[in-house]
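See below for the structure under consideration.
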């Protein structure tokens, strides 16, 4: 009798405490949040001057060119000729 | 970058300019743009100064992290998509359309 109570307690702990913790741990492992950036939502985006080649000339682009005119999507990618 | 090209009309309709940035040379980026059919500028951060300024330089790869920023007309960051989240730009496209409705 006492032994079965102990088994019930152990089973209860497993199901009630450890198992959900384990499942939660597994789940968070799958959707691990990326390391946050230095720049956060609400911060000013630092101005820059960068160039691109339009086929005949190099053109300068300043982020400030768009101030008050357009939103800008700035998409940093790792290397040319790769996916994403 | 292809994913932004596919959404370019929606983004332009929401007053949004798309700019790609990498540490490749301007000529490599142009060749890349032509190959994948991208019509928006792919900017060259040769040397990585801007990548570092934005805190995205990864020493291990000698390149930038894969990150999208949506920057509002006031110059403030409205949305961020980081690393693997940045592959699908839906969140940014939706945010642009939402901000357009607000304006």
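Values quoted throughout were computed directly from the atomic coordinates according to the rules given, and no laboratory measurement underlies them. Keep in mind that this is a model prediction, so the values were computed, not measured. FYI the Cβ positions are ideal-geometry reconstructions off the backbone, even for glycines, and counts take in every protein chain you see.
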So what is the relative contact order of segment A:32-84, in percent, for Cα pairs below 8 Å that sit 6 or more residues apart?
-> 20 percent
Take the Cα radius of gyration of the protein assembly as shown and divide it by 2.2 N^0.38 Å, with N its residue count; two decimals is plenty.
-> 1.38
Run through the DSSP bridge list for segment B:2-97 and note the antiparallel percent, rounded to the nearest 5.
-> 70 percent
Modelled FRET efficiency - R0 45 Å, residue A:35 with residue A:6, Cβ distances, 0.05 increments = 0.50
Roughly what would the spin-label model give for residue A:54 and residue B:98, points 7 Å off Cα along C-beta, in nm?
-> 3.4 nm
P(r) of segment B:8-103 over all Cα-Cα pairs, binned every 10 Å from zero, in whole percent | 15, 43, 36, 7, 0
Mean residue ellipticity at 222 nm from the helices of chain B, using -39,500 (n - 2.57) per DSSP H segment of n ≥ 4 over the full residue count, to the nearest 500 deg cm²/dmol?
-> -10500 deg cm²/dmol
So what's the gap between the Cα centers of segment A:37-84 and segment B:70-89, to the nearest angstrom?
-> 11 Å
Just the number, please: percent antiparallel of the DSSP beta bridges in the protein assembly as shown, rounded to the nearest 5.
-> 70 percent
Here the relative contact order (percent) of chain B, from C-alpha pairs under 8 Å and at least 6 apart, is 26 percent
